[in-house]
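The values are calculated or read from the model by the stated rules, or taken from the named source; none is laboratory data. Please read these numbers as outputs of a predicted model, since none were measured by experiment. Using ideal geometry, Cβ is built from the backbone for each residue, glycine included, and neighbour counts are taken over all protein chains shown. In case anyone asks, the SASA skips ligands and DNA or RNA and just uses the protein heavy atoms, side chains included. Shrake-Rupley method; radii C 1.70, N 1.55, O 1.52, S 1.80 Å.
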Amino acid sequence: MPFPDESAPVTVVEHQPRWAEDFERLSGVVLGALGAEARAIDHIGSTSVPGLAAKDCVDVQVQVDALDEERHVRLLAAAGFRCRPEPWNREEISGGRACPKLVFAPPVGARRCNVHLREVGSPNARFALLFRDYLRSDSATRDAWGAFKKRLAACVPDLSDYGQIKGPATQVLMAAAERWAADTGWQPMSGRHGHADGR
C-alpha cells in the first residue's frame, strides 16, 4: 500500500528514456546508504525494459548476503527511505519457496520508486531478473504486456485492485519466461558490488 504522500490513481504511460537515468541516480543513493552490504544493484520491473509502458515508478533491486531488518531499515532510513510495513512486502512465494524481502518507499517528495532488498541468488531475486530479461528479449510479448497494463489501468485505477488482477496475469507471463530461459540457457546476470547492470 502506498504511503499517504504517494496515493494517486494508477497511470500507465509510454516508456521514458529518463527512467534509466533515474535508476542510475537512485542506485548511487542506495549504494551510498548500504555500502558493501549491497552485493548487486539492478534496475528491475517494467521501467527497466526499453519500449515497455509502465507506471512512472522506478524499481531497484538490491541483493544482500542476508536480510537484517533492523540494520537495513536503519541504514536506508538515514537516507530517507521508508520501509513498507505490509506482510506482502516482507515475504513472497517464488520458485515454490517463501522468500524474505524488504521494500522501501522513497523519501517524502522524492522521485517515485520502490527499493527491493532480497538475498543474493534467491528465487525471488532471480524472478525479477528473468521478468526483465525475458521482456527485453521479446518485443511482441513486451508490446502485448504493455497494452494489457494500459487497458487494466484505464479500467481499474485503484492500486490494490490493479495489483490483484495483474498478479495472475504475471504468473502466466512468467511461465512463458521460464520456457524461454530453459530454451536459451538464460542465467541471471546482476550488477556486482554496487555496479548497476543496465544491460
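Computed values, structure above
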read-out: Per residue solvent-accessible surface (Å²) - the chain, probe of 1.4 Å; value: 49
read-out: Separation in nanometres of the label points that stand 7 Å from Cα toward Cβ, at residue 150 and residue 14; value: 0.8
read-out: Reachable lysines, given that their alpha-carbon falls under 16 Å from the alpha-carbon of residue 166 and they are not under 8 places away in the same chain; value: 55, 149, 150
read-out: Cα centroid separation - segment 124-176 against segment 1-53, whole Å; value: 16
read-out: Spacing of the two label points (7 Å from each Cα toward its C-beta) at residue 175 and residue 73, in nm; value: 3.8
read-out: Whole-Å semi-axes of the chain's equivalent ellipsoid (Cα gyration tensor); value: 24, 21, 16
read-out: Sum of -39500 (n - 2.57) over DSSP H runs of 4+, divided by residues of the chain (222 nm, nearest 500); value: -14000 deg cm²/dmol
read-out: Highest to lowest packing among 120-126, 46-52, scored as the average C-beta count within 10 Å; value: 46-52, 120-126
read-out: Principal axes of segment 27-98: Cα extent on each, largest first, Å; value: 36, 32, 22
read-out: Sulfur and carbon atoms: percent of accessible area, segment 145-191 [1.4 Å]; value: 60
read-out: Positive-end extreme of charge dipole, segment 126-166 - chosen from 156, 127, 137 (charges on Cβ); value: 137
read-out: Residue 158 accessible area, assembled protein chains, probe 1.4 Å, Å²; value: 80
read-out: Within the accessible area of segment 9-79 (1.4 Å probe), percent carbon and sulfur; value: 53
